[in-house]
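Below: the structure, in structure tokens.
The values are calculated or read from the model by the stated rules, or taken from the named source; none is laboratory data. This one's a predicted model, so the numbers in the text were calculated from it and none came from an experiment. Here the Cβ positions follow ideal geometry from the backbone for every residue, glycine too, while neighbour counts run over all protein chains shown. Note: accessible area is taken over every heavy atom of the protein model, side chains too, but ligands, DNA and RNA are not part of it. Shrake-Rupley method; radii C 1.70, N 1.55, O 1.52, S 1.80 Å.
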Amino acid sequence: ALSALGEHWERALVFDKARASYLAGARKAAPRYAHAEAERLYRAHLKLTEEPTSEGIAARNELGSDVLVVQGRLEEALTEFRTAIAESRKIGHRPSEAESVRSLAQLERSRGRIEPARRLLEESLEIAREVRDSRLEGRVLGDLATCHYEQGRIEEARKLFERALSVHRETGDRRYEG
């Protein structure tokens, strides 16, 4: 339904409504594992975005994480994350940059590239703190803890997990608290 609505608005040249419909449809399709549909809708949304926006950057990150990575299409996801980082920097949107760098770090970690992932997470953490995004800070701390754990740095991992848990509790981020 949202796909058809997006197509309707696109044919009517009402691109804001078309983009919104495509993005809403993609976000409904991805959790249902309707990856082909989600990819088509994310790409339709992005095709109608002439200049980078924070919404488009979020869509690009979701396409990478929720569609391409789960299908094992890691090189394509890598391209999306790098593009999202470049777009974030182009428009100077630091919160989007922090999320994009974190997405790239998660991909690197999944490829077994723990040290590059750790460095990217340190960068994401710095930006999250700069923009005062406590929820993201807690998530990145948890990701960093996992990297340290996987590198055998158990004590450092424990400290980071405790800091992450504390931030999750402070922000009420129940999903990541557990």
Figure the gain on full extension for Lys159 and Ile91 (residue separation times 0.36 nm, minus the Cα-Cα span) and round it to one decimal in nm. 21.0 nm
Across the range 1-154, what fraction of all alpha-carbon pairs, as a whole percent, falls in each successive 10 Å bin from zero upward? 12, 36, 34, 14, 3, 0
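Ranking request for peptides 40-48, 93-101: highest mean number of other beta-carbon atoms within 10 Å first, then the rest in descending order.
The densest-packed peptide leads the list: 93-101, 40-48.
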Which whole-percent values make up P(r) of the range 115-178 when all C-alpha to C-alpha distances are grouped in 10 Å steps starting at zero? 26, 53, 20, 0
Of the listed peptides 24-30, 7-13, what is their order by residue-averaged count of other C-beta atoms within 10 Å, with the highest listed first? 24-30, 7-13
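Arrange the peptides 64-71, 137-144 so that the one whose residues have, on average, the most other Cβ atoms within 10 Å appears first. Don't skip to the end; give the middle numbers.
Values: 64-71: 20.9, 137-144: 23.5.
Descending packing order for the listed peptides: 137-144, 64-71.
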Rounded to the nearest 10 degrees, the helix 114-130 long axis (Cα) sits at an angle to the longest Cα principal axis of the chain of 80
What size of dipole, in debye to the nearest 20, comes out for the range 81-178 about its Cα centre when the only charges are +1 on Lys and Arg C-beta atoms and -1 on Asp and Glu C-beta atoms? 160
Using a probe radius of 1.4 Å on heavy atoms only, what accessible surface per residue do you get for the range 62-119? Whole Å² is fine. 45
Please report the carbon-and-sulfur percent of the accessible area for the chain; probe 1.4 Å, protein heavy atoms only, DNA, RNA and ligands left out. 49
Alpha-carbon Rg with Dmax, taken over the range 1-70, Å: 11.1, 34
So how many Lys-Lys pairs in the chain land under 26 Å Cα to Cα, not counting same-chain pairs under 8 apart? 5
Mean shadow of the range 65-178, computed from the convex hull of its alpha carbons, in nm²? 6.9
Roughly what angle does helix 2-11 make with the longest principal axis of the chain, taking Cα atoms, 0 to 90 degrees, to the nearest 10? 50
